[in-house]
Amino acid sequence: MTNTIHMLPSATEGQMMSIILTTAEGGLILIDGGRREDAAPLLDYLKNLTDSAKPHIDAIWFTHPHCDHIGAFVEMIENRRDEFDFDALYYCFPSEYYLRNDPSASGTLHEFYRCLPIFAEKAHIISDGDRISVAGADFSVFYTVDTAIRQNRCNNSSAVFRIEVGGKSILITGDCGIEAGNKIIAEYGDKIKSDICQMAHHGQSGADFEFYKTVSPSVCLWCTPGWLWNNDVGGGFNTHVWQTVTVRGWMESLGVRNNYVTKDGIQVVSL
């Protein structure tokens, strides 16, 4: 294998996040995975990628427990567990009580914990400042849950971490919101600068301009379907409420010219 990012589109019309990282050392790392409906195409892609009927994943990293991020894994564990295996899973989720007013998160979180006994010996809770190496990729954790943040709770509980592999750095933000982004900048400043940035919350209503200015990427990864990319649900370009077109403008003003967007299908980025 080579040092490569594979970013998968959703099997549904909704947004989701499913990123696979392969390494020159033969490593295979999954970040989130998407919705329950995305489990089958994700497994098919992993089987084709590894040329194996039962792909082996070195590590799974979760950002936060929204259904469009970890639903596929829950489906795979519950119903297709004999079709893959993995060595380790890294996560840091808030309590169900903290997310009690967000059914899209609390329901999936409950499902995750219901399945946890199946793979408990492989599960590792991460913390701010952790440094973890997996199959030739080095992970630095900048942020995990801060329950003092009361706004946008589940998105702001996204683990934010940087991966260094093949001489490149990749910042994973999940659905990180403004408040979490501000805390990261206050603590780390320009230490979060990275070559590649996964755009928070599918490219809108996530981290703000100052956060991206600090990251200063040259490549952006957008887990974004066409309707969200163009802010268009039938009324025409940029006629709905989402901020994606504005965020696209931010990144253009920062000099980013390389944008990989899942509206265009599977995205493969060589490192």
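The values are calculated or read from the model by the stated rules, or taken from the named source; none is laboratory data. It should be emphasised that the depicted structure is a prediction, and the values quoted were computed from it without experimental measurement. Don't worry about glycine lacking a Cβ; one is built from the backbone with ideal geometry, like all the others, and counts go over all protein chains shown. We work out accessible area using only protein heavy atoms, side chains counted, and drop any ligands, DNA or RNA first. Shrake-Rupley method; radii C 1.70, N 1.55, O 1.52, S 1.80 Å.
Things worth noting here:
Results for (1) under 30 Å from Ser194 (Cα atoms); (2) out of contact with any Phe, Trp or Tyr (no Cβ under 6 Å at 6 or more places or on another chain); (3) not basic (Lys, Arg), shown as yes or no for each residue.
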{"residue": "Cys92", "(1), (2), (3)": "yes, yes, yes"}
{"residue": "Glu96", "(1), (2), (3)": "no, yes, yes"}
{"residue": "Ser106", "(1), (2), (3)": "no, yes, yes"}
{"residue": "Glu111", "(1), (2), (3)": "no, yes, yes"}
{"residue": "Leu116", "(1), (2), (3)": "no, yes, yes"}
{"residue": "Asp130", "(1), (2), (3)": "yes, yes, yes"}
{"residue": "Phe139", "(1), (2), (3)": "yes, no, yes"}
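- For segment 218-230, the criterion of being more than 20 Å from Asp130 (Cα to Cα) and free of Cβ contacts under 8 Å to residues at least 24 places away in the same chain is met by at least one residue.
- Lone qualifier among Ser169, Ser158 - being small (Gly, Ala, Ser), out of contact with any Phe, Trp or Tyr (no Cβ under 6 Å at 6 or more places or on another chain), over 16 Å from Glu210 (Cα atoms) and in a strand (DSSP E or B): Ser169
- In segment 80-109, the residues that are farther than 13 Å from Ile60 by Cβ form Cβ pairs under 6 Å with partners that are open to solvent by 30 Å² or more (accessible area, probe 1.4 Å) and aliphatic (A, V, I, L, M), at six or more places apart or across chains, as follows: Cys92/Ile125; Cys92/Val145; Pro94/Val145.
- Single residue of segment 221-265 satisfying the filter (surrounded by fewer than 18 Cβ atoms within 10 Å (Cβ to Cβ) and in contact with a His (Cβ under 7 Å, 6 or more places away or on another chain)) that is modelled with the highest pLDDT: Asp232
- In the set (1) open to solvent by less than 40 Å² (accessible area, probe 1.4 Å); (2) at pLDDT below 95; (3) in contact with a His (Cβ under 8 Å, 6 or more places away or on another chain), Tyr98 fails one condition alone, (3).
- Residue satisfying condition, being farther than 23 Å from Val160 by Cβ, open to solvent by less than 20 Å² (accessible area, probe 1.4 Å) and touching a residue at least 24 places away in the same chain (Cβ under 8 Å), within set Met76, Met7: Met76
- Within segment 17-46, the residues that satisfy the criterion of being open to solvent by 10 Å² or more (accessible area, probe 1.4 Å) and in contact (Cβ under 8 Å) with a residue 24 or more places away in the chain are Ala24, Glu25, Gly26, Arg35, Arg36, Glu37, Ala40, Pro41, Tyr45.
- All positions within segment 183-239 that are in contact with a Cys (Cβ under 8 Å, 6 or more places away or on another chain) and not in a helix (DSSP H, G or I): Ile196, Cys197, Gln198, Met199, Gly206, Ala207, Pro217, Val219, Cys220, Leu221
- Residue within segment 102-119 that is in contact with a Ser or Thr (Cβ under 8 Å, 6 or more places away or on another chain), closer than 22 Å to Leu21 by Cα, open to solvent by less than 10 Å² (accessible area, probe 1.4 Å) and not in a loop (DSSP other than H, G, I, E, B) present: no
- Residue in segment 185-201 that is open to solvent by 40 Å² or more (accessible area, probe 1.4 Å), touching a Gly at 6+ places or on another chain (Cβ under 8 Å) and on the phi < 0 side of the Ramachandran plot present: no
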